[in-house]
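Peer 1: Supplied in structure tokens, the structure appears directly below.
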Amino acid sequence: MITAIKKIMVIAAALVLVSWADNRGDVEQAAQKITSINAEFTQTKKMELLARPLVSTGKFYYRQPGSLRWEYTSPVQSVLMLHSGSLHRYIKTRQGFVEDDTAKLKSMAVVLTEITSWFRGTFDANPDFEARLQASPSKAIILTPKSPGLKKIISSIELQLSDRPGVIHRVVIREGEKNLTILEFRNIGINAEIQEELFTQL
């Protein structure tokens, strides 16, 4: 996000936008300078069988090397916390938050581990995907599944790069031709101090 006070600052910011993501090496180097990220998000899930998209909102916190808090605030409150390789999920009920210990956490752990690796600028850590830098119409990292079996589930993952070096502001997960999930981040803060308790306590 470009904060422009004077015209010269707008020009300077534009030059940064052009230069920082010219190649994947620049993207990864910029991401490695980030120690923490916090943001609000909107998740939109579009499916062929649904008349209207499913929209959820929330906020997340990330701290190097792999701590993540993913909190849904609407329409259903839930919290996922990944810290020191341990994942916990809590769902809000009438009696308060209740921990979910179902097998679904295994797949969630895989997804959250992928997200933390993207924040670190490690886009090719998963051997199941091929990563490439897209220059236009917008700067993005495109992850494409390698195996035919995985391609049936996920067509591609597009990580759209923010104007701010090292920051991803939008993720588009295409699941076949007509189903997709979009994550849009706003009010992004970087390198703020985040206490460990946020990843271990409700």
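Peer 1: Does the range 74-91 hold any residues that are under 24 Å from I182 (Cβ atoms) and either open to solvent by 40 Å² or more (accessible area, probe 1.4 Å) or charged (D, E, K, R) (or both), and which are they? Outline the logic, then answer.
Peer 2: Of the residues in the range 74-91, the ones under 24 Å from I182 (Cβ atoms) are 74-82, 87, 89, 91.
S74, P75, V76, Q77, R89, I91 - these are the residues of the range 74-91 that are under 24 Å from I182 (Cβ atoms) and either open to solvent by 40 Å² or more (accessible area, probe 1.4 Å) or charged (D, E, K, R) (or both).
Peer 1: Which pairs do you get when a residue that is under 14 Å from D101 (Cα atoms) and of a type in the set (S, T, N, Q), found in the range 71-87, comes within reach of a residue that is assigned to a strand (DSSP E or B) and open to solvent by less than 60 Å² (accessible area, probe 1.4 Å), reach meaning Cβ atoms under 9 angstrom, with the pair 6+ apart or on two chains?
Peer 2: From the range 71-87, the pairs are S78/G58; S78/W70; S78/E71; S78/Y72; S78/R89; S78/Y90; S78/I91; S78/D100.
Peer 1: Of the numbered conditions (1) under 27 Å from S67 (Cβ atoms); (2) open to solvent by 20 Å² or more (accessible area, probe 1.4 Å); (3) in a strand (DSSP E or B); (4) of a type outside the set (K, R), T144 fails exactly one; give the number of that condition.
Peer 2: (1)
Peer 1: Restricting to the range 151-202, what's the tally of residues that are at positive phi and among the aliphatic types (A, V, I, L, M)?
Peer 2: Selection size over the range 151-202: 0.
Peer 1: Provide a single number: the residues in the range 37-58 that are of a type in the set (A, V, I, L, M, F, W, C) and either touching a helix residue (DSSP H, G or I) at 6+ places or on another chain (Cβ under 7 Å) or without any contact (Cβ under 8 Å) to a residue 12 or more places away in the chain (or both). Steps first, please.
Peer 2: Here is the first cut: in the range 37-58, the ones of a type in the set (A, V, I, L, M, F, W, C) are 37, 39, 41, 47, 49-51, 54-55.
Narrowing further to those that are either touching a helix residue (DSSP H, G or I) at 6+ places or on another chain (Cβ under 7 Å) or without any contact (Cβ under 8 Å) to a residue 12 or more places away in the chain (or both): 37, 49-51, 54.
Here the count works out to 5.
Peer 1: From the set of residues in the range 178-194 that are open to solvent by 60 Å² or more (accessible area, probe 1.4 Å) and under 16 Å from L68 (Cα atoms), which is farthest from the chain's Cα centre (by Cα)?
Peer 2: Result: E193.
Peer 1: So how many residues does the range 39-73 have that are open to solvent by less than 60 Å² (accessible area, probe 1.4 Å), farther than 16 Å from V111 by Cα and at pLDDT below 90?
Peer 2: Final tally of qualifying residues: 1.
Peer 1: Among the residues of the range 147-173, count how many are buried (at least 16 other Cβ atoms within 10 Å of the Cβ) and of a type in the set (K, R).
Peer 2: Number satisfying all stated conditions: 2.
Peer 1: Right, another one. Please work out which one of (1) at pLDDT below 85; (2) open to solvent by less than 40 Å² (accessible area, probe 1.4 Å) is the condition T122 fails and give its number.
Peer 2: Of the numbered conditions (1) at pLDDT below 85; (2) open to solvent by less than 40 Å² (accessible area, probe 1.4 Å), the odd one out for T122 is (2).
Peer 1: A further question follows. Which number in (1) out of contact with any Ser or Thr (no Cβ under 6 Å at 6 or more places or on another chain); (2) in contact (Cβ under 8 Å) with a residue 24 or more places away in the chain; (3) closer than 25 Å to M81 by Cα marks the one condition that V172 misses?
Peer 2: Among (1) out of contact with any Ser or Thr (no Cβ under 6 Å at 6 or more places or on another chain); (2) in contact (Cβ under 8 Å) with a residue 24 or more places away in the chain; (3) closer than 25 Å to M81 by Cα, the lone unmet condition for V172 is (2).
So that you can scan it fast, the table gives a plain yes or no per residue for (1) over 15 Å from the mean Cα position of the chain (by Cα); (2) in a strand (DSSP E or B); (3) among the aliphatic types (A, V, I, L, M):
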{"position": "T57", "(1), (2), (3)": "no, yes, no"}
{"position": "Y62", "(1), (2), (3)": "no, yes, no"}
{"position": "E71", "(1), (2), (3)": "no, yes, no"}
{"position": "V79", "(1), (2), (3)": "yes, yes, yes"}
{"position": "N126", "(1), (2), (3)": "yes, no, no"}
{"position": "H169", "(1), (2), (3)": "no, yes, no"}
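The values are calculated or read from the model by the stated rules, or taken from the named source; none is laboratory data. All values derive from a computational prediction rather than experimental measurement. We place every Cβ from the backbone using ideal geometry, glycine too, and count neighbours over all the protein chains shown. For accessibility, only protein heavy atoms count, side chains too; no ligands or nucleic acids. Shrake-Rupley method; radii C 1.70, N 1.55, O 1.52, S 1.80 Å.
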